[in-house]
């Protein structure tokens, strides 16, 4: 006897199965047209749905009505409007997705016995494995890029370039003959590596000597912005330029033009340059290869989970079946967008909190004026930080020099080194390296304590500056990350949208429910005030462009429970700007999800409202225990709010030019009303976009983001938010062929670390 479940319901109490017929494969239809000579041409080949026939009987001897009642019960189970999960215990490792088609055939030989036969249609045509196969091991390589296979970056580079302008300011007039070629523009990026090759009838060199006549030829790049030269020049040629010269760019990012120098006065001896080529050698895409094995007999539809361990702007996936890509397609070639900063990140997978350094903005420009070497350094006692031994930290900063970990005081250079020291400078740990402009990770290896920022530069005069230094602690797979969110907050200092109401401040707590932790509020307001409030407040860098992501639970245990959960943004003057509130303000089984915006007069207006039922049912409540992901994007006077898979744009002229300086998490209960059984914030993060909407920020995948590409249902989730707009036009969802195959992942070339990747899939059988 075969046992069957239908929509997760066991049918064995109602029916006894005699036979399950599954044919070999599925019906195939072939469309043809006539061949010119012999046979036919196949124009279309289609594999149809799978049909499963189930023969069974029903019996009930208790009374003459019992069997009919069982038929009603079975009909109710089978009456579904969409395909459901179906299993048979003679295939314990597989399940089908389908439903009954047509009316079962029936015979009633006696009053208490019916013999039936029903057909199940399986629209996708396959059996699915009941367990997922998972793959997470991969290899990594960075293909070599050289002058031959790299992409030419210099415009109008054919030439010939033959300078005809003689330098006359040198002794005896000099021999420095040079010219700028303003049509040969190129975009250069600080800290990237490049290769140069060119042709000349002279001798390429990297040494500039305008006082000596020679056949030397020099190639420079000069910064050219806003129709004028800025003074940033650098020689990029050397005696290898005829074949290939490699160099790292250490000047500011920007637009540059070609300059060529030759060293003759006589026209007949002037040298020239042609066919100049510049490529980015570090501009290749990082390549990850993963081998997978699909033991099914048809293609599998994988669920791909990518957890970013560092900033990334692009992920590309390629195999023999197709291409899938998300992010910004330009971000596979190394373009870093610097107008985005993750200022808070309190998530379960990775945690990066607030900036631990006080007075971080600077500028820090050492002016010690060394005389015996070039070590120009200064300790900034107002910029202090508490560091813990063994803790991993993330450092970011900006400079007009070149960040490094190489402390070389005997050599003059554009190097900039950041250290943390004690008051007497007897404890020193260099924390900067060449990646500090984007992200440098370091572990503090000294005792716990308070330390101070020291900046080193390498000129005998104040030459280079550092500014916007940020140091954040990093915890990987830390389940207690909300403890740090609570410790970092300013308690009960929130700016409220309704400050006129009588308020009593209470405390927050951390609860452990459903195997994870939540930030919570007191559960009952017995105080003689309209509202009891608890809040957590965080300072952010002033901005009109921001992204806030959070996960919340809002679930009432009874209809009588009431309360509010709010995310509030306030400005430089400590005034309310806008908020997203979730409310239950009556005894009805109804809640609202609202966007509130300042009216500019000390009050607020409702700009957008959505309704839901605060129950445990996922279809009724987006904030049930397994859901709750939300986000909001602000671009000055425009706000985008996420709700049920869509983003809604709301005009907010009242907050035009008003900067956010604080973010507040607020729980608010109502007098003598039980607070909601589950009203929590589970995780949150804040990104300062500094002038760009989050949808347009290429490097959207910062450390800690979790991206899920689901080929089963063709969805994309970023930190729980469904967002199909990330998919690059022209790409599609990947499928995995049968047998062993290779899946290739591409990341932004400038990404510092590799992501964690898991590919899992159900094997499918026709």
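The values are calculated or read from the model by the stated rules, or taken from the named source; none is laboratory data. Since this is a predicted model, take the numbers as computed values, not measurements. Virtual Cβ from ideal backbone geometry, glycine too; neighbours counted across all protein chains shown.
Of all the residues in the range 638-666, those that are touching a residue at least 60 places away in the same chain (Cβ under 8 Å) and either surrounded by 15 or more Cβ atoms within 10 Å (Cβ to Cβ) or outside any loop (DSSP other than H, G, I, E, B) (or both) number 14. Scanning the range 700-724 for residues that are over 13 Å from the mean Cα position of the chain (by Cα) and free of Cβ contacts under 8 Å to residues at least 60 places away in the same chain yields 713, 714, 715, 724.
Check the range 595-604 and report whether any residue there is farther than 21 Å from residue 658 by Cα and either in contact with a strand residue (DSSP E or B) (Cβ under 8 Å, 6 or more places away or on another chain) or not assigned by TED's automatic domain parsing to the domain that holds residue 686 (or both). No, the range 595-604 contains no residue that is farther than 21 Å from residue 658 by Cα and either in contact with a strand residue (DSSP E or B) (Cβ under 8 Å, 6 or more places away or on another chain) or not assigned by TED's automatic domain parsing to the domain that holds residue 686 (or both).
Counting only strands (runs of 3 or more DSSP E) that fall entirely inside the range 442-520 and contain at least 2 residues that are closer than 30 Å to residue 422 by Cβ and not assigned by TED's automatic domain parsing to the domain that holds residue 675, the qualifying elements are 449-458, 466-476.
Run down 578, 606 and say which single residue is in contact with a helix residue (DSSP H, G or I) (Cβ under 7 Å, 6 or more places away or on another chain), within 26 Å of residue 637 (Cβ to Cβ) and part of a strand (DSSP E or B).
On the way: 606 fails: in contact with a helix residue (DSSP H, G or I) (Cβ under 7 Å, 6 or more places away or on another chain).
None of the others qualify; the one that does is 578.
Scanning the range 312-333 for residues that are surrounded by fewer than 19 Cβ atoms within 10 Å (Cβ to Cβ), in a loop (DSSP other than H, G, I, E, B) and at pLDDT below 85 yields a single hit, 333.
From the list 67, 38, 14, pick out the single residue that is more than 50 Å from the chain's Cα centre (by Cα), surrounded by 15 or more Cβ atoms within 10 Å (Cβ to Cβ) and part of a loop (DSSP other than H, G, I, E, B). Outline the logic, then answer.
Working: 67 fails: part of a loop (DSSP other than H, G, I, E, B); 38 fails: surrounded by 15 or more Cβ atoms within 10 Å (Cβ to Cβ).
Selected residue: 14, the only one of 67, 38, 14 that is more than 50 Å from the chain's Cα centre (by Cα), surrounded by 15 or more Cβ atoms within 10 Å (Cβ to Cβ) and part of a loop (DSSP other than H, G, I, E, B).
Looking at 68, 41, just one residue is under 16 Å from residue 115 (Cα atoms) and modelled with pLDDT under 90, and that residue is 68.
Against the numbered list (1) part of a loop (DSSP other than H, G, I, E, B); (2) at pLDDT 90 or above; (3) touching a strand residue (DSSP E or B) at 6+ places or on another chain (Cβ under 6 Å), residue 690 comes up short only at (2).
One residue alone among 295, 192, 228 is exposed (fewer than 15 other Cβ atoms within 10 Å of the Cβ) and farther than 28 Å from residue 175 by Cα, and that residue is 295.
Only a single item in (1) outside any loop (DSSP other than H, G, I, E, B); (2) out of contact with any strand residue (DSSP E or B) (no Cβ under 9 Å at 6 or more places or on another chain) is not met by residue 97, and it is number (2). Going by what's in this entry, would residue 438 be described as free of Cβ contacts under 8 Å to residues at least 40 places away in the same chain, buried (at least 17 other Cβ atoms within 10 Å of the Cβ), in the same structural domain as residue 357 (by TED's automatic domain parsing) and touching a strand residue (DSSP E or B) at 6+ places or on another chain (Cβ under 8 Å)? Here the answer is no, as residue 438 does not meet what is asked.
Regarding the range 118-133, can at least one residue be identified that is touching a strand residue (DSSP E or B) at 6+ places or on another chain (Cβ under 7 Å), surrounded by 12 or more Cβ atoms within 10 Å (Cβ to Cβ) and closer than 25 Å to residue 755 by Cα?
Filtering the range 118-133 down to residues touching a strand residue (DSSP E or B) at 6+ places or on another chain (Cβ under 7 Å) leaves 118-130, 132-133.
Filter once more, keeping what is surrounded by 12 or more Cβ atoms within 10 Å (Cβ to Cβ): 118-130, 132-133.
Restricting the remaining residues to those that are closer than 25 Å to residue 755 by Cα gives 132-133.
Within the range 118-133, one or more residues are touching a strand residue (DSSP E or B) at 6+ places or on another chain (Cβ under 7 Å), surrounded by 12 or more Cβ atoms within 10 Å (Cβ to Cβ) and closer than 25 Å to residue 755 by Cα.
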